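Single-structure report; data block below.
Nothing in this text is a laboratory measurement; each read-out follows from the coordinates by a stated rule. In this text, all values refer to a predicted model and were calculated from it rather than measured experimentally. Every residue, glycine among them, receives a Cβ derived from its backbone with ideal geometry; neighbour counts consider all protein chains shown.
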Amino acid sequence: MERIKTLGISPNIKWVAHVFIICLIILPLFLDLPDGSFEIIWLVYFLPPVLIATFHGYKMGMLAGALCILLQVSFEFIEYLFDINYNVQNFRLVIAISGGIAAVTLNVGFLLRHLEQKQKELENLSQQLEFLANHDVLTALPNRRMFEQKLSETLLNAENSSKIAAIVFCDLDRFKYLNDTAGHAAGDVVISTVAHRVKQTIRTDDFLCRIGGDEFVLCINDITSLEDVKVIIQRILLTIELPIAFNTIEYKISASLGISIYPRDSKDPSALLRYADIAMYRSKARGSGNYTFFTPEMANALVRQSRIEANLRNAINQGQFILYYQPLFDIKTGKVIKAEALIRWNHPELGLVSPNEFIPLAEDTKLIIPIGKWVLRTAIKEAKKWHINGYPIKISINISSIQFQQNNCAQIIQEFLDEAKLDPQYLELEITERVALANPDSIIRKLNKLRSLGVQIAIDDFGTGYSSLSYLKKYPVQSVKIDRSFIQDITTSTCDRNMLEAMLIMAKNLDYSTVAEGVETSEQLSLLTQMGCDVAQGYLFSKPLPDDHFFDFLRRMLEKKESQLASYG
């Protein structure tokens, strides 16, 4: 029956064909004559083996051929024994026909056997191709294509049963770093192990797929509350964090999960998958090993982020970036001694966009390099303008890690200094403590090269990067900027006060000038003065100002003979 279906022949035709075969077998038994006058009728026996092989396979065809030969020879032998009119010459023709039937049967049988083998190979290949089209090779999990098909079915069932379903987007934390440092073989072991463990953790009705790289998607169905989802999610996170052994080394990895809920967030499968992806990135922003449920506010933030990213490339050419300047005061004299250049993006539709929104995108897309060049050139030119007008203060500029790692960083800075004819001692470059400690030996070489130009070097966000004193003392640094997080609670917290005092003492012992960021109250300023801090920056003195406003601020401040800090007592 299966072979009939394979050939595409209807059952009715099958029965007609079988009746025809029986007729062919019976026909020579009635028409054959002993005198040999109609011996040629045995030629019809060529057909039954071929037809039976076609319908039932080569083995049945060869068996039918053997039976036809046996029947023909037996019939002739009976005629020879019992019929006195039998012509002995018939045996020659019978043997010839039998030989022909045997030859045809064998050839047809071998041909059909070969075709059947090829058909099985094609079927196996087709199954393999279908599996590869719907599954991931490394983990044997369903891929995105199959996941989307099964997800639609699952959501339909959830709608019919009035249940909820959860879509979980899973991304392994720092997997690229593991892959780059431990090798792709270790990465493959981690991926396959995580896939196996998570699959063993989830329920049989839930389904997991790998959509590429270190990303997995899980559909949790047939649930009644969000608490059910949380229990499963927490179990998955614990499972992923179990050590994975490879080549005598144990690797530990975590994952960030984002979850969207059907039908609360959407009824559309593609939207649910997108929302889970958005929530996953929010989890990553919170740190490794977290999970986050999607909220509509995340989608609005993503739309804004997409618009920012789409317009970022043209912002420089269209002159949308502007620089603001915030003054830094010498605590002892009350004079403005430098200004920090702070970039802002004046978007024609979104208004002023915070650097916290577009700088990470600029770093991801490497647009920070041309943006950083624009900041350097513009700020250096502005500083020269101040000097020409009698206000010789330093300009302090933040350098991103990507910009700092460029081989021609020092050369570009030298070109901008020469172009503006600014004395290098009035340029201060700020790098964060985390950047400074990322690769200390290489950073020290780069800093020495910059220092040889005559520029000043400052470490920004001091105290946030787990400083190594053995390296800090080797850095060609002139000042450190203490992060605002260490300043904001010094008037109410003894612990913060003691920590700040310890950092100031350490910086002084390393012969660094100290700058306190985020000074907002006179009480904070008073404590900083008592502790011996050198420079202060913050809203207590001035918020960041556009270039023309800052120029007016300088004119007002530097024309005063008395100290700016006198009014604060």
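If packing is taken as the mean number of other Cβ atoms within 10 Å per residue, what is the order of 24-31, 358-365, highest first?
Per-residue Cβ counts within 10 Å, averaged per peptide and sorted highest first, yield 358-365, 24-31.
For the residue pair Glu159 and Gln478, what label-to-label distance in nm results when each label sits 7 Å from Cα along the Cα-to-beta-carbon direction? Between Glu159 and Gln478, the simple spin-label model gives 6.8 nm.
For the stretch 354-396, which trypsin sites (Lys or Arg not before Pro) are both in a DSSP coil and crowded by at most 15 other Cβ atoms within 10 Å? Passing both the DSSP loop test and the Cβ count: Lys366.
For the residue pairs Lys284/Lys366; Lys199/Lys284; Lys252/Lys473; Lys230/Lys284; Lys335/Lys373, alpha carbon separations beyond 27 Å are given by Lys252/Lys473; Lys335/Lys373. The stretch 229-259 and the stretch 140-176 have Cα centres spaced 19 Å apart. Along the stretch 481-492 the Karplus relation, 6.51 cos²θ - 1.76 cosθ + 1.60 evaluated at θ = phi - 60°, assigns HN-Hα couplings of 9, 7, 4, 4, 5, 8, 9, 4, 10, 5, 7, 10 Hz to successive residues, with x for each Gly and Pro. Considering helices alone, the calculated mean residue ellipticity of the chain at 222 nm is -18000 deg cm²/dmol, with DSSP H runs of length four and up weighted by -39500 (n - 2.57) and normalised per residue. For Lys474, list the lysines whose Cα falls under 23 Å from its own Cα; do not include residues on the same chain fewer than 8 positions away. Within the straight-line limit of under 23 Å, Lys474 reaches these lysines: Lys446, Lys449, Lys508. In the neighborhood of Met280, defined by Cβ-to-Cβ distances under 12 Å, what is the net charge if each Lys or Arg adds +1 and each Asp or Glu adds -1? After counting each charged neighbour, the total is -1.
For Val137, the shell of other residues with beta-carbons less than 12 Å away shows a net charge of -1, using +1 for Lys and Arg and -1 for Asp and Glu. Per-residue packing, averaged as other Cβ atoms within 10 Å, sorts the ranges 410-421, 261-272 into the order 261-272, 410-421, beginning with the highest. The candidate values are (i) 40, 33, 21; (ii) 43, 24, 22; (iii) 88, 25, 22; the one derived from this structure for semi-axes √(5λ) of the Cα gyration tensor in Å carries the label (iii).
Write out the GluC sites (Glu not before Pro) in the stretch 222-279 meeting two conditions: DSSP loop, and at most 16 other Cβ atoms within 10 Å of their Cβ.
Glu241
What does the charge dipole of the chain about its Cα centre add up to, to the nearest 20 debye, if the Cβ of each Lys and Arg holds +1 and the Cβ of each Asp and Glu holds -1?
Here the size comes out at about 1540 debye.
Ranking Asn311, Ser266, Ala279 by how far each Cα lies toward the positive end of the dipole of the stretch 238-357 (charges on Cβ) leaves Asn311 at the top. Rounded to the nearest 5, the antiparallel percentage of DSSP beta bridges internal to the chain is 60%. In the stretch 391-421, which residues have a backbone nitrogen under 18 Å from the label point lying 7 Å from Asn448's Cα in the Cα-to-Cβ direction? Only 405, 407-411 pass the distance filter.
Where nothing but the Cβ of Lys and Arg (+1) and of Asp and Glu (-1) is charged, how large is the charge dipole of the stretch 107-241 around its Cα centre, in debye to the nearest 20? The partial results should precede the final answer.
Details: 15 positive and 20 negative charges, 52 e Å.
It works out to roughly 260 debye.
Ranking Val108, His549, Thr292 by how far each Cα lies toward the positive end of the dipole of the chain (charges on Cβ) leaves His549 at the top.
Farthest towards the positive end of the charge dipole of the stretch 306-417, among the residues Ile369, Leu352, Asn389, is the Cα of Asn389, using unit charges on the Cβ of Lys, Arg, Asp and Glu.
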